[in-house]
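Each remark here refers to the structure printed beneath this line.
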Amino acid sequence: MKKGFTLIELLIVIVVVGVLVTIALPKYQASLERGRSMEAISNLKAASDLINTHYVMNDNNYVRTDLVNSNGYFLTDGFIKGKFFSNPVWAVPEAGSTTQQISVTRVGGDYVLTAINQNGELRMITCTGSEASDRCPEIGMELDPLDETYKMDLRN
């Protein structure tokens, strides 16, 4: 009697392993992206907490004092470190505005996450960009049918 596997048995095993890898790889990549996006969401929440604290301390006004440089990048050294996303950028606030936006961009430019702060509170995080339809659902964003943007509502 011969010991070992036949060529057909080996080919069947290779095909089965190939199918399993084909099924598992996109799920694995999606979970990696979800983990990486948590870095950005955490940084957005920290930056939002900072500007919302200043909002309350400045008589309910968003005031850009010593928080950011002229380009909108936060100045607090070591406060935010990003590996997969840019450092948060605070959009230039309009005088008397009660809504502010802070954005981070995925390295490579696939998509942008934007924190929407209103009246001293982080209200939602939106996801936009060229790869938004693929990436945003992977990281837990839901499509808003009214304006067709991906959002994570934080008001609850």
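The values are calculated or read from the model by the stated rules, or taken from the named source; none is laboratory data. Everything numeric here is computed off the predicted structure, so don't read it as measured data. Counting neighbours? That spans all protein chains shown, and the Cβs are built from the backbone with ideal geometry, glycine included. Heads up: the accessible areas ignore ligands, DNA and RNA and are worked out on the full protein's heavy atoms, side chains in. Shrake-Rupley method; radii C 1.70, N 1.55, O 1.52, S 1.80 Å.
Simple spin-label model, 7 Å along Cα-to-Cβ: Glu9 to Thr53 in nm?
6.6
Where in segment 1-61 are there trypsin sites (Lys or Arg not before Pro) that are in a DSSP coil and have at most 13 other Cβ atoms within 10 angstrom of their Cβ? Please report the intermediate quantities before stating the final value.
On the way: sites: Lys2, Lys3, Lys27, Arg34, Arg36, Lys45; in loops: Lys2, Lys3.
Sites meeting the loop and neighbour criteria: Lys2, Lys3.
Which lysines have a Cα lying under 18 Å from the Cα of Lys45, excluding residues fewer than 8 positions away in the same chain?
The qualifying lysines are Lys81, Lys83, Lys151.
Of Phe85, Phe74, Phe5, which has the most accessible area with a 1.4 Å probe, and how do the rest follow in descending order?
Values: Phe85 5, Phe74 30, Phe5 160 Å².
Listed by decreasing accessible area, they come as Phe5, Phe74, Phe85.
Extending each Cα 7 Å along its Cβ direction at Val19 and Arg155, get the distance between those two points in nm, one decimal.
Each label point lies 7 Å from its Cα, and together they span 4.8 nm.
Which of these, Asp66, Asp110, Asp49, has the largest mean-square fluctuation under a Gaussian network model of the chain (Cα springs below 10 Å)?
Per the Cα network of the chain with a 10 Å cutoff, Asp66 tops the list.
What longest range of the chain stays clear of loop-exposed GluC sites (Glu not before Pro) (DSSP non-H/G/I/E/B, at most 13 other C-beta within 10 angstrom)?
Result, exposed sites excluded: 1-93.
Just to confirm the number: angle between the C-alpha axis of helix 7-57 and the first principal axis of the chain, 0 to 90 degrees, nearest 10?
For 7-57 against the chain, the angle is about 10 degrees.
Give me the number: length gained by fully extending Asn71 to Asn87, i.e. 0.36 nm times residue separation minus the C-alpha to C-alpha distance, one decimal in nm.
Between Asn71 and Asn87, full extension yields 4.6 nm more.
Can you give the Kirkwood hydrodynamic radius for the chain, in Å, rounded to one decimal and based on Cα pairs? Each step should come with its number before you reach the end.
Values: mean 1/r = 0.0557 Å⁻¹.
So the Kirkwood estimate lands at 17.9 Å.
What percent do you get for the relative contact order of the chain when only Cα pairs under 8 Å and 6+ apart count?
Details: 229 pairs, mean separation 28.1, N = 156.
Relative CO of the chain lands at 18 percent.
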